[in-house]
Amino acid sequence: MSQNNNVKISGLIITYNEEKNIREVIECLDFVEEIIVLDSFSSDRTVEIAASYPKVKVIQNKFLDYTSQRNLALKNASNNWVLFLDADERITPELKEEILNEVNKPETRDAYFFLRKFYFNQKPIHFSGTQTDKNYRLFKKEKAHYIPERLVHETLKVDGTVGILKNKLLHYSYDNYEVYKKKMINYGILKGKELFLKGKKYSIFTHYLKTVFKFIRAYLLRLGILDGKSGFILSYLQALSVHHTYKSLKITQKQNI
């Protein structure tokens, strides 16, 4: 590890009812200067637990979409370097060392992709479309922001250079079928609204073609079949999200006629 870890980093997390995750995600950010938790008025103990950590500043804001929540958290960061985690993500010791080495180099990139390792009920998934999963997680605040038009699967716009870290971020997104199903449906609903705002028109042909293709792509083309029962479930839930995307587009379009 670098012997000169002087660069200050702000850790950012957006939450809603993350009582089961909040301790672990905060504790894996033990090397950052501050942690901003942007909470959408959780009804469980998320805020109480988060506020018990000296480094943590909790801000509550009504949820509209993921992008606006992330941009608000970003606005409240005190440091230029920010490390943005989801509550179900974990940094390994190897990744922590790589992060610190990278930000303390004389010359750095402006943003870094993290590869993610997906876990299904605490077991690693190797295929099902997860094998190339990566997201921006570490970047300079002055060089990036989340694009407002993207309501879900928020997109970071980087005005600068980009790198990718070698060590993977652990992603424990799935540990309860009903909770994950609800999450995927909610993603679909927001995505449908996003498509409407982009001027897309509903088509029943596109609706069912894309839903079926999503399953085929995840289960067969992206080798979900090799993940066994877990791969089938994940492929089905990805297709379900697409179904709700077009259902949401149809409803939103009718409401605005």
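The values are calculated or read from the model by the stated rules, or taken from the named source; none is laboratory data. From a predicted model like this one, the values you see are computed outputs, not experimental measurements. Cβ placement follows ideal geometry from the backbone for every residue including glycine, while neighbour counts extend to all protein chains displayed. Only protein heavy atoms, including side chains, enter the accessible area calculation; ligands, DNA and RNA are left aside. Shrake-Rupley method; radii C 1.70, N 1.55, O 1.52, S 1.80 Å.
What the table below lists for this structure:
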{"item": "Dipole axis of the range 21-130 (+1 Lys, Arg; -1 Asp, Glu on Cβ), positive-most option in Val103, Ser43, Cys28", "result": "Ser43"}
{"item": "Prolate/oblate/rounded call for the range 38-137, Cα gyration tensor, a/c under 1.5 rounded", "result": "oblate"}
{"item": "Accessible-area composition of the range 11-94, carbon plus sulfur, in percent [1.4 Å probe]", "result": "49"}
{"item": "Total charge dipole magnitude, the range 1-73, about the Cα centre, Cβ charges on Lys, Arg, Asp, Glu only, Debye to nearest 20", "result": "160"}
{"item": "Within the chain: Cβ-based charge dipole about Cα centre, in debye rounded to nearest 20 (Lys, Arg +1; Asp, Glu -1)", "result": "1280"}
{"item": "Lys, Arg +1 and Asp, Glu -1 on Cβ, resulting dipole of the range 202-253 about Cα centre, debye, nearest 20", "result": "80"}
{"item": "Tensor-based shape of the range 78-217 (alpha-carbon gyration tensor, a/c under 1.5 rounded, otherwise prolate or oblate)", "result": "oblate"}
{"item": "Leading residue at positive end of dipole, the chain (Cβ point charges), from Leu223, Leu195, Asn17", "result": "Leu195"}
{"item": "Net charge of neighbours whose Cβ lies under 11 Å from the Cβ of Val82, counting Lys and Arg as +1 and Asp and Glu as -1", "result": "+4"}
{"item": "Contour excess over end-to-end distance, with Cα ends at Phe41 and Lys210 and 0.36 nm allotted per residue", "result": "57.4 nm"}
{"item": "Extended-chain gain in nm, criterion 0.36 nm per residue less alpha-carbon gap, Lys198 and Leu170", "result": "6.8 nm"}
{"item": "Lys123 paired with Phe63, simple spin-label distance in nm, labels 7 Å along Cα-to-beta-carbon", "result": "2.9"}
{"item": "The chain, relative contact order [Cα under 8 Å, separation at least 6], %", "result": "18"}
{"item": "Carbon + sulfur, % of accessible area of the range 109-236 - ligands and nucleic acids excluded, 1.4 Å", "result": "59"}
{"item": "Accessible area (Å², per residue) of the chain, counting only protein heavy atoms and a probe of 1.4 Å", "result": "52"}
{"item": "Positive-end residue of Ile59, Val82, Ile164, charge dipole of the chain with Cβ unit charges", "result": "Ile164"}
